[in-house]
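One structure is given below, encoded as structure tokens.
Please treat every number below as a calculation from the coordinates, not as lab data. Keep in mind that this is a model prediction, so the values were computed, not measured. Quick reminder, even Gly has a Cβ in these numbers, built from the backbone with ideal geometry, and neighbours come from all protein chains shown.
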């Protein structure tokens, strides 16, 4: 039987409450919640560059990320970028849209 993480947590709470072993249940639930957060992902943390260039880090482990990463190579968290246009710092798409409006 396959089920989602929410259903698995409900089932674990039900089964472990019958056997009165809450410390084991909490360990399993914590691990399932960690895997849910890992699969849902999060935005990277932005660090403006004072001397060199701007960079991004994983919010879970602090690993320095490259823009092409979809997952953190260190901890496996999914990286949810806003868009590639805002990460490159190039306003090429905006300039093209403005030219179309003025010429069109």
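Treat the count of other C-beta atoms within 10 Å as a stand-in for reagent exposure and order 65, 52, 32 from fewest to most.
Working: 65 19, 52 6, 32 16.
In increasing order of surrounding Cβ atoms, one gets 52, 32, 65.
For residue 5 and residue 50, FRET efficiency with R0 = 35 Å and r from the beta-carbon atoms, rounded to 0.05? Each step should come with its number before you reach the end.
On the way: r = 41 Å, r/R0 = 1.16.
Using R0 = 35 Å, I get an efficiency of 0.30.
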